[in-house]
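> What follows is a single structure, and I will ask about it in a moment.
The values are calculated or read from the model by the stated rules, or taken from the named source; none is laboratory data. Please read all numbers here as calculations on a predicted model, not as lab measurements. Positions of Cβ are backbone-derived with ideal geometry, glycine not excepted, and every protein chain shown enters the neighbour counts.
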There are 2 protein chains.
Amino acid sequence: MNEIKVGLLGYGTIGTGVARLLVNDAKFLKQRVGASIKLAKVADIKPGKRPGVKLAKGVFTTAADKVLDDPDIPIIVELIGGKTLAKEFVKRALTNGKHVVTANKALLATHGEELFRLAYRKKVKLAFEASVGGAIPILRTLRESFVATRFSSIMAIINGTSNYILTEMTRRGADFNEVLAEAQKLGYAEADPTFDIDGTDAAHKLAILVMMAYGTSVKFSKIYREGITGITPLDMAFAKEFGYRIKLLAIARSAGQSVEAGVHPALIREDHVMGGVEGVLNAVYLKGEPNGEAMLVGHGAGMMPTAGAVVADVVAIARGILAGSGPHRAPMRAWPEESFGKLPMANIKDRRGAYYLRCKVLDKPGILSKISGILGAHRISIAQVMQKDRHQDGAVPIFLLTHEAVEKDLLAAVRKIDRLPMVKAKTAFLRIEG
Amino acid sequence: MNEIKVGLLGYGTIGTGVARLLVNDAKFLKQRVGASIKLAKVADIKPGKRPGVKLAKGVFTTAADKVLDDPDIPIIVELIGGKTLAKEFVKRALTNGKHVVTANKALLATHGEELFRLAYRKKVKLAFEASVGGAIPILRTLRESFVATRFSSIMAIINGTSNYILTEMTRRGADFNEVLAEAQKLGYAEADPTFDIDGTDAAHKLAILVMMAYGTSVKFSKIYREGITGITPLDMAFAKEFGYRIKLLAIARSAGQSVEAGVHPALIREDHVMGGVEGVLNAVYLKGEPNGEAMLVGHGAGMMPTAGAVVADVVAIARGILAGSGPHRAPMRAWPEESFGKLPMANIKDRRGAYYLRCKVLDKPGILSKISGILGAHRISIAQVMQKDRHQDGAVPIFLLTHEAVEKDLLAAVRKIDRLPMVKAKTAFLRIEG
């Protein structure tokens, strides 16, 4: 076979990047694959040229059918986004016996199981490296390089927008809304940044990571989610002073026979390898045996890095076609069909770990002993405490770091603390990781 | 096929780790692969039990022939090490039509081309992920995930022994020989550490990285090599004071139509992501398009991490066998047979970059103006200069950081500086990277 045809659905930013690589680097890719990979059809509802690439005549169409039903195209790339039309197209492509490459994390996080089963039945591949961490080769690593690994934990910075915002808040001591507005101006945050800052985007990706690392699918709605909107410059200043950074972390952790999975802001030591992952960079930190600890860092988003990951999936499928490889039993995922089970999810209230607390109290004698008394009664011991001098409405902030505690004990203690008359605002808390 | 047999040559430390995973985790691996991977034969000249694993009766043999000539074994793992017997065994296994997995970087760096050609001709795979960076999935990433990438540079910390030594020298201000002796006691350095500290081990790995990233083989002897034995506590103290770390770096860089490849100690900013890679950790930092920058960190050596990488290669080959995949055109390497060429190697004397200089001079007026005059005459401008107060034999050290310069200009200038009567020792220099 001298040529393998590819059909592209969705000619937006990432789609344009994919077209650039497939068209402009065709010779380079042919050298590496041993056959031409030809972008045969591109469909989008919006016609017109895209910057940096010129499609041959007859390649562009506004009719997705022409791509999905072309019997000469064995590989379909889905870059439409969303969960409705994209799902329909992916299902139809798989049903037609075509391999599919997608970057659609929301689709996979919510309908992954159904689509993987369909791909398995139709003996085709459903590849999705670009859906998590953009150019970071995390999924291939989980599926292949770390195939013999039993993971104790995975900790990921997989939302560039929130990492950029938190990095800038730390660096400049600036307020969340101020940095967000600026990030929107710079194009690092979307006009509607909800899914980035409330943890939804990171949770979609975490669902896929858990599926790959723990060999099971998780119910997306069961993943704990907490965003970064509540982080204040006070938290940032305290964290910095005590040698911590605040990051939005997506964490999966073995907890007995279940897995704990959640997205939330957390304090992490600045000398931890993940503490130095700044700005729009993404990173995944893995712990398990036999590998020990490992970390992958890179651009988690952006037109060309993401397009590169899509093209790598296309190449992998093309190489398989060239090698005449039959249906892989578990080629694009970490588990064989038979073990596609439900791993029980731990409740975050059972989390054991250290915590950071910020209370706002009237500056009167005895308050600290009251608070520490309540914590002690809930089996929580204090590792560090700091009272700041900055008066706000006659109140002062008190910061506490705890030793290891159970989250439901902490929640109960916080409820009691917040009922004290000298406490002037809801006590905020963050988990400490790493 | 319900069972795929594996033969192991070399039952030393890594071999024992591989046996542990294949025997003790057999059920776990079967779940992930969809068929049993059976350790059918293990050969070593030294009989006897190994810790943590029990081989079934009849599996162990002292006769390598029994493994190499067994027609029921499609996958051979070579963990003998060395270049003579290992080469003979690998060639024989490939000639017998068996896939081979090896961790032997010296063998591949010196005879890789011959072995890859043989594997290609015999339509089998030669896999070698564990040969570079242990548990870091760098080779699979170069071959698959970054298949569409044009690399501008690769910078790697790929020798754990030297990274441990340099980390401890920085941390404690200790002397090279003192830390080396301690590293030997702790098992982080071998009794004969020559290849680790003179850059040979890192250069073997760099040869493989260049081959994978630039799609060509390099003559090993053409790789520039400089070890860490000349690094003094003075260098460390200066680097630390100015916000740098000193690391043994293996660097490949595009230089016009050629590639620059060398291993040498270098100053790197402590806030660079590679500056924080401490102790026995390894890391590879990549720059190129479309990916942008990326970094992979992990355990570059050690029994179980390395064994995990070997087993991942075994699994990849087993999955290919199960999928009935024919000969991959370029399955275990980044280039097709046809383009197996020689990329011209740039000479390090043509390197453009910044430099660190340490001179030892008599503390007399005018010396600095003499030195800077010589540098200026060789088109080298000074970015920073520091004179330390610590008298040694009536002489003082002067430290200089240069702006970008060409290495041959620097060498010429240093020769002239060293001929000044007030200069009391050979001027030492280090490259600045990152």
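> Taking A:K105 as the residue in question, decide whether it is in contact with a His (Cβ under 6 Å, 6 or more places away or on another chain) and within 24 Å of A:T200 (Cβ to Cβ). Outline the logic, then answer.
Numbers: in contact with a His (Cβ under 6 Å, 6 or more places away or on another chain): yes; within 24 Å of A:T200 (Cβ to Cβ): yes.
So A:K105 fits the description; yes.
> Filter region A:213-244 down to the residues that are part of a strand (DSSP E or B) and within 14 Å of chain B (Cβ to nearest Cβ) and list them by number. Working first, answer last.
Our first condition is that a residue be part of a strand (DSSP E or B); within region A:213-244, this holds for A:216-217, A:224-225, A:244.
Within region A:213-244, just A:T216 meets the criteria.
> Before we move on, is A:A56 buried (at least 16 other Cβ atoms within 10 Å of the Cβ) and either outside any helix (DSSP H, G or I) or not aromatic (F, W, Y) (or both)?
Details: buried (at least 16 other Cβ atoms within 10 Å of the Cβ): no; either outside any helix (DSSP H, G or I) or not aromatic (F, W, Y) (or both): yes.
The answer is no for A:A56.
> Which residues, counting only those in region A:192-209, are buried (at least 23 other Cβ atoms within 10 Å of the Cβ) and farther than 11 Å from A:G227 by Cβ?
The answer is A:H204, A:K205, A:L206, A:A207, A:I208, A:L209.
> For region B:80-139, give me each residue that is β-branched (V, I, T) and touching a residue at least 40 places away in the same chain (Cβ under 8 Å).
B:I80, B:V101, B:T110, B:V124, B:V132, B:I136, B:I138
> Still on this structure, I have one more. Take the residues of region B:245-287 that are closer than 18 Å to B:T232 by Cα and in contact with a His (Cβ under 9 Å, 6 or more places away or on another chain): which is nearest to the other protein chains (Cβ to nearest Cβ)?
The extreme case among them is B:R245.
> Of all residues in region A:303-325, count the ones that are of a type in the set (V, I, T) and within 8 Å of chain B (Cβ to nearest Cβ). Spell out the reasoning first.
So the first thing to find is which residues in region A:303-325 are of a type in the set (V, I, T), and the list is A:306, A:310-311, A:314-315, A:317, A:321.
Then drop every residue that is not within 8 Å of chain B (Cβ to nearest Cβ), which leaves A:311, A:315.
Number of matching residues: 2.
> Could I ask something else about it? Could you pull out the residue among B:A156, B:A183, B:A189 that is under 30 Å from B:Q257 (Cα atoms), assigned by TED's automatic domain parsing to the domain that holds B:L281 and either of a type in the set (D, E) or crowded, with 21+ Cβ neighbours inside 10 Å (or both)? Lay out the reasoning, then the answer.
Working: B:A183 fails: under 30 Å from B:Q257 (Cα atoms); B:A189 fails: under 30 Å from B:Q257 (Cα atoms).
After applying the criteria, what remains is B:A156.
> Okay, next question. If you go through region B:135-145 one residue at a time, do you hit one that is more than 14 Å from chain A (Cβ to nearest Cβ), surrounded by 19 or more Cβ atoms within 10 Å (Cβ to Cβ) and aliphatic (A, V, I, L, M)? Talk me through it step by step, then tell me what you get.
Of the residues in region B:135-145, the ones more than 14 Å from chain A (Cβ to nearest Cβ) are none.
No: zero hits.
> Name the single residue, out of those in region A:288-302 being more than 17 Å from the chain's Cα centre (by Cα) and surrounded by fewer than 23 Cβ atoms within 10 Å (Cβ to Cβ), that is farthest from the other protein chains (Cβ to nearest Cβ).
Selected residue: A:G288.
> Every residue in region A:346-388 that is touching a residue at least 60 places away in the same chain (Cβ under 8 Å) and over 28 Å from A:E260 (Cβ atoms), please.
Once the filter is applied, which keeps residues that are touching a residue at least 60 places away in the same chain (Cβ under 8 Å) and over 28 Å from A:E260 (Cβ atoms), region A:346-388 yields A:K360, A:V361, A:L362, A:M386, A:K388.
> Now for a separate question. Select from region B:26-52 the residues that are surrounded by fewer than 19 Cβ atoms within 10 Å (Cβ to Cβ) and within 13 Å of chain A (Cβ to nearest Cβ) and write down the one among them that is farthest from B:E78 (Cα to Cα).
B:Q31
> Output the residues belonging to region B:1-25 that are closer than 21 Å to B:L94 by Cα and surrounded by 20 or more Cβ atoms within 10 Å (Cβ to Cβ).
Result: B:I4, B:V6, B:G7, B:L8, B:L9, B:G10, B:Y11, B:G15, B:V18.
> Residue under question is A:L420, and the condition is that it be over 25 Å from A:D271 (Cα atoms) and in a helix (DSSP H, G or I); does it hold? Break it down into steps so the answer makes sense when it comes.
On the way: over 25 Å from A:D271 (Cα atoms): yes; in a helix (DSSP H, G or I): no.
No; evaluated as a whole, the condition is false for this residue.
> Please go through region B:341-392 and give me each residue that is more than 30 Å from B:F220 (Cβ to Cβ), of a type in the set (K, R) and in a strand (DSSP E or B), ordered by number.
Answer for region B:341-392, where residues must be more than 30 Å from B:F220 (Cβ to Cβ), of a type in the set (K, R) and in a strand (DSSP E or B): B:R358, B:K360.
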